[in-house]
1. Just one of the numbered conditions (1) assigned by TED's automatic domain parsing to the domain that holds Val184; (2) closer than 28 Å to Val289 by Cβ; (3) not basic (Lys, Arg) is not true of Met1; which one?
2. Among the residues of segment 136-158, write down those that are outside any strand (DSSP E or B) and either over 16 Å from the mean Cα position of the chain (by Cα) or over 22 Å from Phe176 (Cα atoms) (or both).
3. Is it the case that segment 174-194 has a residue that's closer than 27 Å to Ala71 by Cα, without any contact (Cβ under 8 Å) to a residue 60 or more places away in the chain and surrounded by 14 or more Cβ atoms within 10 Å (Cβ to Cβ)?
4. If Val257 meets every condition in (1) in a loop (DSSP other than H, G, I, E, B); (2) at pLDDT 80 or above apart from one, which number is that one?
5. Looking only at segment 1-24, which residues are within 22 Å of Glu67 (Cα to Cα) and loosely packed, with under 15 Cβ neighbours inside 10 Å?
6. Scan Arg64, Arg58 and give me the residue that is charged (D, E, K, R), surrounded by fewer than 16 Cβ atoms within 10 Å (Cβ to Cβ) and in contact (Cβ under 8 Å) with a residue 24 or more places away in the chain.
7. For Arg121, state whether it is in the same structural domain as Leu30 (by TED's automatic domain parsing), at negative phi and not in a helix (DSSP H, G or I).
8. List, please: which pairs have Cβ atoms under 9 Å, are six or more places apart or on different chains, and start with a residue in segment 67-84 that is in a helix (DSSP H, G or I) and end with one that is loosely packed, with under 15 Cβ neighbours inside 10 Å and of a type outside the set (Val, Ile, Thr)?
Amino acid sequence: MFNEEAGIGVFCSQLRGELDALGLPYEVVLVDDGSSDRTIEVIQQEQWPSAKVVILTRNVGHQRALEAGIALARGELVVTMDSDGQHPPSVLNEMVSLAQDSSVDVVYARRTERGKEGLVRKVTATAYYRIMRLVTGVPISDGQADFRLVRRSALQTISAVQGDKTMRMLLPYLGFKSVTIDYVAAPRISGHSRFGLRRQVGLAVDSVINFSSRPLRFVALMALILAMSALVWLGLVLVTWWRARAIVGWTSVMTAVLFVGAMTLLALAIVGSYLARIYDIVKAHPRTVVARTLDYQQDTSE
């Protein structure tokens, strides 16, 4: 949750109704990702004994907030979902039934329609999945985001993975046995999406760097091509000097210099991104810090 004051009460009511109808013991871990509005106060008014609110010290982003919730979840089957209402709780019954009736480790919920989203959002979302399949080779389906059911044994396996865990990529990358169900996203209960273009680009970059070394191989290929081009260019310069005793074409020279400089900076940026990931892992800083937890069986605890 992040600043969901206007809609979190409705979401909790919908979710509680669906979970109670399952007839199974359950718990709900609501992760507050540094909200600055009255989200927490609204949840406390719900008086939901099966719910626990985990309040992070600051906004750490969607993926790390998911990790914080998963780390505290105790169930054999764990479902991750957003609190804006677009992940309909009505799908939970089918997800749990599939997990109980088969030996699957993961039940993916795949979004089939993007509703009233703008053209740019639809195009970038489609492009993300296609680029990920092309660059990383991970078999991620279009619309397969962060609404899923995961068995405890699979979660224990991925807990050993260090660094950023882009769950939508990590689970299919590891090849857990899975099934996929389709759903139609419900309209947001309130407000608007905060997952803008900048965050979409950031997610794409993280996904590529965390699950593929192809960008590094691209750097090596680019260096080889530029080196060969430089040798050809040097040959042309020497021939021109030998015949005319003069070097002409400063425009082409500057173009070559600027092109090579741009490619060099791009290569440094790619290599630097991988080094930054290694640096973050080596530092071993806590990925999230829980300020406090709230539930209805006990008072506020640190």
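The values are calculated or read from the model by the stated rules, or taken from the named source; none is laboratory data. Computed from a predicted model, the values in this text were never measured in an experiment. All Cβ positions, even for glycine, are placed from backbone atoms using ideal geometry, and neighbour counts span all protein chains on display.
1. Met1 satisfies all of (1) assigned by TED's automatic domain parsing to the domain that holds Val184; (2) closer than 28 Å to Val289 by Cβ; (3) not basic (Lys, Arg) except (1).
2. Hits for segment 136-158 are Gly137, Arg152, Ser153, Ala154, Leu155, Gln156, Thr157.
3. Yes: one or more hits.
4. Exception for Val257: condition (1).
5. none
6. Exactly one of Arg64, Arg58 is charged (D, E, K, R), surrounded by fewer than 16 Cβ atoms within 10 Å (Cβ to Cβ) and in contact (Cβ under 8 Å) with a residue 24 or more places away in the chain, namely Arg58.
7. Taking the combined requirement at face value, the residue does not satisfy it.
8. Ile70/Ser159; Ala71/Ser159
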